[in-house]
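Trainee: Got a structure here, written out as structure tokens. Questions coming.
The values are calculated or read from the model by the stated rules, or taken from the named source; none is laboratory data. Treat the numbers as computed from the prediction; the structure is a model and nothing was measured. Cβ placement follows ideal geometry from the backbone for every residue including glycine, while neighbour counts extend to all protein chains displayed. Accessible surface is based on the protein model in full, side chains and every heavy atom, while ligands, DNA and RNA are left aside. Shrake-Rupley method; radii C 1.70, N 1.55, O 1.52, S 1.80 Å.
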Amino acid sequence: MSVSYEGEKSFNIRSDGDTETPEVVDVAVLSVKGSQVIVVTDHNNNCLKSFYTKDGRKQNSQVKTKEKPLGLTKLSSNRVAAAVWPKRIVLVEATPDLQLLSSLQTCKQYRGLAALPDLTLAAATLSGYIDILDVNGDVLKSISVPITDQKIGPVSYFLHSSLSTNILVSDYGSKSVYCFSSEGRVVFTYTPRGKTELKEPRGIAVTTSGDILLADWAANVITHLTEDGLFEKNILSREDGIAKPFGLCVDDEDRLYVCLPGGEVKVFRRT
């Protein structure tokens, strides 16, 4: 079934204390004490930020990460994990203000993260592998990303868990989307050619019905794939304000959040 979205609002993650123009890499939406809390990674200002409304007033908070944060994943209704350069993963709780719970040293640099049902994390390496990590950040297993006929090898960035608990991988080196089981079996590979060929895929998200939404940074589109990895259509484009999209997130009400240059986040509601 085809999905469609229309613009609802947009906001900028700029906040007091910023020393650089914000760069929002990834976004997650939490629910804390009945309030919606939007959490983002600000790559240029070395922090995670939260945005929420309390007593009718817009509020925000932040947690410093010292180095540059990258991909983000929702762990529970009020917790997220973020990959931080060069070799760390931070666990953060929203109360709704952000509080740092722990900082895990890892043996590798990771970019994208995806929380899995068994309390493990899938993490995208810089070397063509997806590592499965335990709660301490230790590697349980590594899944090799296939090599395609592209000139560049696998460069995985964004990950997401599907409704069937598989691991979705957005890979801009091979211009592909991969779906793996948690054991490492390839469920499907999406490497289109011709008019639908991916240029530089980035953020990936899943709707409440299991449909896959994919950001293409260079093509300036958001693409809809079926749960089985089949192309449906490009659902958002430059005409909708999509320019160089990065991270994506879908909340519990199927709103789509798109990270854009200059610290902008656009929100679209499903129609």
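Trainee: Sorted by accessible area with a 1.4 angstrom probe, largest first, how do 147, 242 fall?
Mentor: Numbers: 147 145, 242 0 Å².
Putting 147, 242 in descending order of accessible area: 147, 242.
Trainee: Starting from the amide H of residue 47, placed 1.01 Å from N in the peptide plane, find each other amide H under 5 Å away whose residue is 5 or more places distant or on another chain.
Mentor: Distant-sequence amide H within range of residue 47: 42, 65.
Trainee: Using the basic label-point model (7 angstrom from Cα toward the beta carbon), what is the residue 77 to residue 118 distance in nanometres?
Mentor: Taking the two extended label points, one gets 2.6 nm.
Trainee: OK, next. Note down the magnitude of the dipole of the chain about its Cα centre, charges +1 on Lys and Arg C-beta and -1 on Asp and Glu C-beta and zero elsewhere, to the nearest 20 debye.
Mentor: On the way: 31 positive and 33 negative charges, 90 e Å.
Dipole about the Cα centre, nearest 20: 440 debye.
Trainee: Still on this structure, please answer the following. For region 1-116, compute the number of Lys pairs whose alpha carbons are separated by less than 20 Å, excluding pairs fewer than 8 positions apart on the same chain.
Mentor: 20
Trainee: Moving on to the next point. List the extent of the Cα atoms of region 174-227 along each of their three principal axes, largest first, rounded to whole Å.
Mentor: 32, 25, 16
Trainee: May I ask you to give the percent of accessible area on the chain that is carbon plus sulfur, with a probe radius of 1.4 Å?
Mentor: Details: 5680 of 11950 Å².
With neighbouring chains kept in place, the figure for the chain is 48 percent.
Trainee: Hey, what D do you get for region 143-271 in µm²/s if you plug the Kirkwood alpha-carbon radius into Stokes-Einstein at 4 °C and 1.567 mPa s? Please report the intermediate quantities before stating the final value.
Mentor: Values: Rh = 14.6 Å.
The Stokes-Einstein estimate is 89 µm²/s.
Trainee: Region 9-94: D in µm²/s via Stokes-Einstein (Kirkwood Rh, Cα pairs, 37 °C, 0.692 mPa s)?
Mentor: Working: Rh = 13.0 Å.
Translational D for this selection: 253 µm²/s.
Trainee: Taking every pair of Cα atoms in the chain, average 1/r, invert it to obtain the Kirkwood radius, and report Rg/Rh to two decimals. Walk me through the numbers on the way to the answer.
Mentor: Working: Rg = 17.2 Å, Rh = 18.3 Å.
With Rh from the inverse mean 1/r over Cα pairs, Rg/Rh is 0.94.
Trainee: Turning to a different aspect of this structure: Give me the accessible area per residue for the chain, probe 1.4 Å, as a whole number in Å².
Mentor: Details: 11950 Å² over 271 residues.
Result: 44 Å² of accessible area for each residue.
Trainee: Quick one: 3J(HN,Hα) in Hz for region 227-244, Karplus 6.51/-1.76/1.60 with θ = phi - 60°, rounded, Gly and Pro as x.
Mentor: Coupling constants for region 227-244: 4, 8, x, 9, 5, 9, 5, 7, 9, 9, 8, 4, 4, 9, x, 8, 9, 6 Hz.
Trainee: Whole-Hz Karplus ³J(HN,Hα) for region 39-44, in order, using 6.51 cos²θ - 1.76 cosθ + 1.60 and θ = phi - 60°, x for Gly and Pro?
Mentor: Along region 39-44, the couplings run 10, 10, 9, 9, 4, 7 Hz.
Trainee: Based on the inverse mean of 1/r over its pairs of different Cα atoms, what is the Kirkwood hydrodynamic radius of region 199-271, in Å?
Mentor: Working: mean 1/r = 0.0835 Å⁻¹.
Kirkwood hydrodynamic radius for region 199-271: 12.0 Å.
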